[in-house]
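In what follows, a structure is listed as structure tokens, so that the remarks can point back to it.
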């Protein structure tokens, strides 16, 4: 099951090339394997933020900041909210995800 999750993540994310990206891959894979349904749903949403930052906004600094926080064992909901609130221009998708994540609290 773990390898299947990693393969799907790689198809969507691309290569996990840096050490930080590799750590993020481990964290999200573990969360998707071990969390309850609500926890998995939340982690899928956090990953949507990561994908939006990487593929659509191409904001590598903000992406790395979020990945660092998500791999540093901080509250992922708070980490996403903090990072998204600092963005000057959020895409409509990031704005939607921001409001969705705020309701996780």
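The values are calculated or read from the model by the stated rules, or taken from the named source; none is laboratory data. Owing to the predicted nature of the structure, the values given are computational and were not obtained by experimental measurement. For neighbour counting, all protein chains shown are included, and Cβ atoms are generated from backbone atoms with ideal geometry for every residue, glycine included.
The residue pairs whose first member lies in region 89-100 and is at positive phi, whose second member is modelled with pLDDT of 95 or more and surrounded by 15 or more Cβ atoms within 10 Å (Cβ to Cβ), and whose beta carbons are closer than 6 Å, counting only pairs six or more residues apart or on different chains, do not exist in this structure.
Of the helices (runs of 4 or more DSSP H) lying entirely inside region 41-105, those containing at least 3 residues that are surrounded by fewer than 19 Cβ atoms within 10 Å (Cβ to Cβ) and within 13 Å of the chain's Cα centre (by Cα) span 60-71, 76-86.
Close Cβ contacts (under 8 Å, 6 or more residues apart or on different chains) running from residues in region 4-25 that are surrounded by fewer than 10 Cβ atoms within 10 Å (Cβ to Cβ) to residues that are in a helix (DSSP H, G or I) comprise 15/21.
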